[in-house]
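Okay, structure first, notes after.
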Amino acid sequence: SQELEQSPQSLIVQEGKNLTINCTSSKTLYGLYWYKQKYGEGLIFLMMLQKGGEEKSHEKITAKLDEKKQQSSLHITASQPSHAGIYLCGADIQEGGSEKLVFGKGMKLTVNP
Amino acid sequence: DTEVTQTPKHLVMGMTNKKSLKCEQHMGHRAMYWYKQKAKKPPELMFVYSYEKLSINESVPSRFSPECPNSSLLNLHLHALQPEDSALYLCASSQYYPLYNEQFFGPGTRLTVL
């Protein structure tokens, strides 16, 4: 089965610092999603990537999917306390004849003011 | 309206109770989902409805019974739950199923089974 591995597992940064989160798949990614979750709350959709080499940006967050479509990165520029939370990458997979969205274990980000 | 709403926000129930979780979206999405999330774990898919028909049941115990009365509403009926069923239950919707389109999640219902 396809697994998504996220690194690092957690990160503590000082406000204003840049950071990068990685998501690596054991198989080719055909749909890769980034979500953010505050503790005990719903997931907030950030970006979706589908094409090899694709890059998308929204405000201070940039997501990339590598050419081989097995690794994605999420880069935050000039981090702020509002960026704190758990970042989850998700991928569309086919398993047992059906399709579903599966997630990595998440990366907990703390931004200290 | 780009919002998925869920009620109640919190629910405490005994093992003999019957309760229901509700989810609503007005984005015209034709696919709706239930996920279960345990503490410090990622969400796991439970059910998928596409055009108001059940498309996927991820071998969920029968004490969880989903219902999709119309394209905007999704319910999850709970009966005879176990303490290990305590979790955050998330509803999501997307334009269509199968996938390759983003899912939008509700805020979740925090369920505690005593």
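The values are calculated or read from the model by the stated rules, or taken from the named source; none is laboratory data. These numbers come from a predicted model, not from an experiment. Neighbour counts are summed over all protein chains in view; Cβ atoms, including those assigned to glycine, are modelled from backbone coordinates with ideal geometry. Accessible surface areas use protein heavy atoms only, side chains included; no ligands, DNA or RNA. Shrake-Rupley method; radii C 1.70, N 1.55, O 1.52, S 1.80 Å.
Odds and ends about this structure:
- Taking 0.36 nm per residue of sequence separation and removing the Cα-Cα distance, the A:ASP66/A:TYR30 pair yields an extension gain of 11.8 nm.
- Buried area at the A-B interface (accessible, heavy atoms, 1.4 Å probe, summed, Å²): 1800
- Note that segment B:68-78 has calculated 3J(HN,Hα) couplings of 10, x, 7, 5, 9, 10, 9, 10, 10, 8, 10 Hz, one per residue in order, obtained from phi through the Karplus relation 6.51 cos²θ - 1.76 cosθ + 1.60 (θ = phi - 60°); glycine and proline are x.
- Between A:GLN50 and B:VAL12, the simple spin-label model (points 7 angstrom out along Cα→Cβ) gives 4.6 nm.
- Shielded by partner chains, segment A:75-101 residues - at least 30 Å² of accessible area, 1.4 Å probe, vs chain alone: A:ASP92, A:SER98, A:GLU99, A:LYS100, A:LEU101
- Charge dipole magnitude, Cβ of K and R +1, D and E -1 - chain B, Cα centre, debye nearest 20: 360
- Between B:MET46 and B:TRP34, B:TYR35, B:LYS36, the built amide H atoms are under 5 Å apart, and every one of these is 5 or more places off in sequence or on another chain.
- Accessible-area composition of chain A, carbon plus sulfur, in percent [1.4 Å probe]: 46
- Pairs from the table (A:LYS56/B:LYS53; A:LYS68/A:LYS108; A:LYS56/B:LYS9) lying more than 29 angstrom apart at Cα are A:LYS56/B:LYS53; A:LYS56/B:LYS9.
- Lacking any other cysteine beta-carbon closer than 4.7 Å, the following Cys residues of the protein assembly as shown have no compatible partner: B:CYS68.
- Here the calculated FRET efficiency for B:THR112 and A:VAL13, from their Cβ-Cβ distance with R0 = 45 Å, stands at 0.85, rounded to the nearest 0.05.
- Electrostatic bookkeeping for B:LYS53 treats Lys and Arg as +1 and Asp and Glu as -1; over the other residues with beta carbon under 12 Å from its beta carbon, the sum is -1.
- Full-extension gain in nm, B:GLN82 to B:SER55, via 0.36 nm per residue minus C-alpha separation: 7.2 nm
- With Cα atoms as the point set, segment A:2-98 shows a radius of gyration and Dmax of 13.5, 46 Å.
- Residues A:GLN94 and B:ALA39, FRET efficiency given R0 of 35 Å [Cβ-Cβ distance, rounded to 0.05]: 0.75
- Computed over protein heavy atoms with a 1.4 Å probe, the carbon and sulfur contribution to the accessible area of chain B reaches 51%.
- Per residue accessible area in Å² of chain B, where ligands, DNA and RNA are left out and the probe is 1.4 Å: 48
- Only Cα pairs under 8 Å and 6+ residues apart enter the sum, and on that basis the relative contact order of chain B stands at 37 percent.
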